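Input: a single structure, listed below in structure tokens.
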Amino acid sequence: MSKNITHDGVVVGIDGQDVHVMIVQHSACAGCHAKGACTASDSKDKIIIAKSRGEAYQIGERVLLVGSNSMAWSALAYAFILPLILSIALLFVVSGIVSEAMSCLFVLALLAIYYFILFLFRSKLETKFVFYIEKQL
């Protein structure tokens, strides 16, 4: 299995070592042969800030955006797996103590607090989740 996740992109801005790269994000079914007849397939442009590793780039240049596979798994864990585990654990703990409606409110409050804490630590997370770019041949 590959250790890196890659996306083709175009340089749209440069700010020192940070290079702004625009990628096209496709839905999972965008590659389907029937996408013209389906309303579920869509794509949107996303701008990712990547590190240049000391190379010079020009606006409009086609590049390869590279992120590690472990970074993707960490993002998945922070965004979905850990909140799911916390929610289920809290639901089991409080369901015997309070009503079902109150249990759901506690879980929603937990999720709001969890994602707010992630928001507060976004600068620390930005240092952990770093993309790099490489020139395309």
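The values are calculated or read from the model by the stated rules, or taken from the named source; none is laboratory data. In this text, all values refer to a predicted model and were calculated from it rather than measured experimentally. Quick reminder, even Gly has a Cβ in these numbers, built from the backbone with ideal geometry, and neighbours come from all protein chains shown. Each accessible area value is taken on the protein alone, full model and side chains, heavy atoms only, with ligands, DNA and RNA left out. Shrake-Rupley method; radii C 1.70, N 1.55, O 1.52, S 1.80 Å.
Some points to look at:
Residue by residue, here is whether (1) of a type outside the set (Lys, Arg); (2) touching a His at 6+ places or on another chain (Cβ under 9 Å); (3) in contact (Cβ under 8 Å) with a residue 24 or more places away in the chain; (4) farther than 22 Å from residue 25 by Cα holds:
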{"residue": "60", "(1), (2), (3), (4)": "yes, no, yes, no"}
{"residue": "68", "(1), (2), (3), (4)": "yes, no, yes, no"}
{"residue": "74", "(1), (2), (3), (4)": "yes, no, yes, no"}
{"residue": "89", "(1), (2), (3), (4)": "yes, no, no, yes"}
{"residue": "92", "(1), (2), (3), (4)": "yes, no, no, yes"}
{"residue": "107", "(1), (2), (3), (4)": "yes, no, no, yes"}
{"residue": "119", "(1), (2), (3), (4)": "yes, no, no, yes"}
{"residue": "124", "(1), (2), (3), (4)": "no, no, no, yes"}
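- Pick from the stretch 76-135, criterion in contact with a Leu (Cβ under 6 Å, 6 or more places away or on another chain) and outside any helix (DSSP H, G or I), ranking: least open to solvent (accessible area, probe 1.4 Å): 133
- Of note, residue 41 does not satisfy the criterion of being modelled with pLDDT of 80 or more, of a type in the set (S, T, N, Q) and either open to solvent by less than 90 Å² (accessible area, probe 1.4 Å) or within 25 Å of residue 134 (Cα to Cα) (or both).
- Conditions (1) open to solvent by less than 30 Å² (accessible area, probe 1.4 Å); (2) in a loop (DSSP other than H, G, I, E, B); (3) at pLDDT 85 or above: number failed by residue 71: (2)
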